[in-house]
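To start, the structure under review is shown below, and the notes come after it.
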């Protein structure tokens, strides 16, 4: 199974793709769409849509995960973020891929164990979990990978709850070796 994660933004949108092999997450690709504020928003939204569609066609993900909008102090920024999310979601829907949404707090907690973790902490954990040697050029790329992982962990959790309840940490570690950072 492949999962594409999107960290939407009107200036930088992160893209992270993982593949699940033997119940472990493996890095496929990460990227970022970097745009100038000098370009009209409509052109930036088209670039997000086109790039998402291109990545979907190239990597053929089975699942699409995206971060939800959080309310900021600047309503214009929040509206632009919502529009960026919308075009990315439409790219997935038009490609027939199921869409899941996660709050920033959910994503951080699933990867670091702390819903208030910094972007740097998230990036550190992503590098550890996916065995990435260098820092991605944009922190939005590691955020997108975190969103992909959050979705994988969410799917795993649903399967574990419905089929096989975990009663202690040893069982958890034995059943989820890919989530253990050494």
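Nothing in this text is a laboratory measurement; each read-out follows from the coordinates by a stated rule. Keep in mind the model is a prediction, meaning the values are calculated, not measured. For neighbour counting, all protein chains shown are included, and Cβ atoms are generated from backbone atoms with ideal geometry for every residue, glycine included.
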- line: With only helices counted (DSSP H, runs n ≥ 4, each -39500 (n - 2.57)), the per-residue ellipticity at 222 nm for the chain, to the nearest 500, works out to -16500 deg cm²/dmol
- prompt: Taking other Cβ within 10 Å of each residue's Cβ, how do 37, 142, 110, 118 sort, fewest first?
  reply: 37, 118, 110, 142
- prompt: Based on the alpha carbon coordinates of the stretch 60-120, what radius of gyration and maximum Cα-Cα distance (Dmax) apply, in Å?
  reply: 13.3, 37
Likely footprinting exposure, 108, 38, 175, fewest C-beta neighbours within 10 Å first: 38, 175, 108
message: Using Stokes-Einstein with the Kirkwood hydrodynamic radius over Cα pairs, what translational diffusion coefficient do you get for the chain at 37 °C and a viscosity of 0.692 mPa s, in µm²/s rounded to a whole number?
response: 197 µm²/s
query: In which sequence would 44, 179, 105 go, from the one with the fewest C-beta neighbours within 10 Å to the one with the most?
result: 105, 179, 44
